[in-house]
Amino acid sequence: MIPAFLSSRRALASLLLVLLLASLYLAGGLALSRGYSAEDAARIEVQRTRGMLSELADLTVVLLDAETAAQAFLLTGNETNLANFTEARNRLDGVLIRLDAAARASSIEGPLRTGPVKTRARERMAALEQIVAPRGPMSRTALSREVETGRRVMAQLRREIDALRLPEVARLETAFADADTQRRRVRLALVLIGASTTALAVLAAVLAFRMAGAEARMAFLERIEAERDRADLVSRELSHRVKNLFAVILSIISLTARTERDPKIAGEKSRLRIQALARAYELSSQQSRLGTAELGDLLRGVVGAYAPGPDRLFLHGPRVVLPARLMTPVGLIVNELATNALKYGAWSRPEGTLSVSWAFGQHCRLHLGWMEQSPSGGSDGDRGEGFGSRMIELSLAQAAGSMERRWSENGLEIELVFDLLEEELAAALVPVG
């Protein structure tokens, strides 16, 4: 079963990219480590081989010095040449000891490999000692024989030395070859890492660009969905308002007909009230055209349109300029409350009145009181939970406000509270015009 965090293609692709990059860096790190190890091995081999070759060179020099001094002593009889021979002979033991140490450092079987060289060297030195030993004069033939014997011994010694030197040189060349191979691998790994990193960076940029495009498209789709929901709400609100509009118009006509016996006067009053109703709907629905307005004007335009008569509505409060963000929700709320008052509340009774008051409280709060009174009896407390109630709830949420209802013996009491920002409070207290 695929884990939840790998269910997204982008998440899986990102994980694969990270794993690929980690593998490349791991391979590069291993190549670098092997390269350093090969160079260290080559450096150690150089030190060992250099010690061995240096001691072999010293051994050759000592034997050549001893042979030269011995031959010069035989030819001239000069004691200085004899002293030179003695000094070269005394150096031989030290050279052989250092040769053993160098061979031991080079390999475990090193001392076994140097055995023939040491034996030949000692044999040659013993032969030279016989040449310079005190005795009678040597004939030319004997001297030639000794010289020829010395040459053969030296040639054999050189072969023994080469038998030691050539493997050391071969090992040194092998170490350098390994180091070169590892260096090439490191260079190749670095090139691959650089190329892969560049390619991954380009791919990551492409993926980021595509992701940004996908997020932009998703945000656009979300905005479209939000606008569709908003349009649906507006459509439902419009339908509800149209239904209420017809109901209010019928109530206006019916109430006017009951209170006026003259058809002309009844028709004129009905026309004026319907015109006021139209202005109220325009005031509460077209915020973009109005900007800001006084709360009293809003209440007179919206609530006053529903009032059965001028003595049935009372407004009390200071001059307050509503912020633009509160115009629509407050207009919708009081429109629904006025509609309910006309349909079910105080205005549905002949002597019912409505009082609306407002004032500022603590913490930048605007309090609006709604009181319906009917001397003939209390208001009906059961008004249902239809679209009008939902409209009030949505408007309160939009305005960051709250509402509390109370039914008393004389009617309905409602308290609305709206929180204002400090800058909104300062603007609300500025008189209009």
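The values are calculated or read from the model by the stated rules, or taken from the named source; none is laboratory data. Values in this document were obtained by computation on a predicted structure and should not be read as measured data. Here the Cβ is made from the backbone with ideal geometry for all residues, glycine too, and neighbour counts use every protein chain on show. When the accessible area is computed, the model is the full protein with side chains, heavy atoms only, and any ligands, DNA or RNA have been set aside. Shrake-Rupley method; radii C 1.70, N 1.55, O 1.52, S 1.80 Å.
Among residues of the stretch 166-179 that are farther than 19 Å from Ala57 by Cα, those with a Cβ under 6 angstrom from a residue that is in a helix (DSSP H, G or I), sequence gap 6+ or separate chain, pair up as Ala175/Ala41; Ala175/Ala42; Ala175/Glu45; Phe176/Ala42; Asp178/Ala38; Ala179/Ala38; Ala179/Glu39; Ala179/Ala42.
Just one of the listed residues (Arg223, Arg217, Arg210) is within 21 Å of the chain's Cα centre (by Cα) and open to solvent by 90 Å² or more (accessible area, probe 1.4 Å), namely Arg210.
In the stretch 336-360, the residues that are within 16 Å of Leu250 (Cβ to Cβ) and modelled with pLDDT of 90 or more form Cβ pairs under 9 Å with partners that are among the basic types (Lys, Arg) and part of a helix (DSSP H, G or I), at six or more places apart or across chains, as follows: Trp347/Arg312.
With respect to Leu420, is the statement that it is under 18 Å from Ala324 (Cα atoms), in contact (Cβ under 8 Å) with a residue 40 or more places away in the chain and open to solvent by 40 Å² or more (accessible area, probe 1.4 Å) true? For Leu420, the condition - under 18 Å from Ala324 (Cα atoms), in contact (Cβ under 8 Å) with a residue 40 or more places away in the chain and open to solvent by 40 Å² or more (accessible area, probe 1.4 Å) - is not met. Selection of the stretch 139-168 for residues being modelled with pLDDT under 70 and among the hydrophobic types (A, V, I, L, M, F, W, C) yields Ala142, Leu143, Val147, Leu164. Only residues that are open to solvent by less than 60 Å² (accessible area, probe 1.4 Å) and touching a helix residue (DSSP H, G or I) at 6+ places or on another chain (Cβ under 7 Å) were counted in the stretch 184-196, giving 4.
The set of residues in the stretch 313-343 being closer than 17 Å to Glu413 by Cβ and surrounded by fewer than 18 Cβ atoms within 10 Å (Cβ to Cβ) consists of Phe314, Leu315, His316. In the set Glu282, Glu294, Glu268, only one residue is within 22 Å of Trp347 (Cα to Cα) and modelled with pLDDT of 65 or more; that residue is Glu268. Using the structure shown, decide if Arg104 is over 20 Å from Val169 (Cα atoms) and at pLDDT 75 or above. Taking the combined requirement at face value, the residue does not satisfy it. Restricting to the stretch 322-350, count the residues that are touching an Asp or Glu at 6+ places or on another chain (Cβ under 6 Å) and under 18 Å from Leu416 (Cα atoms). Of the residues in that region, 3 qualify. Would you point out the residue of the stretch 65-80, among those that are touching a Lys or Arg at 6+ places or on another chain (Cβ under 9 Å) and acidic (Asp, Glu), that is most open to solvent (accessible area, probe 1.4 Å)? The extreme case among them is Asp65. Restricting Glu393, Glu415 to residues that are at pLDDT 80 or above, of a type in the set (D, E, K, R) and part of a strand (DSSP E or B) narrows the list to Glu415.
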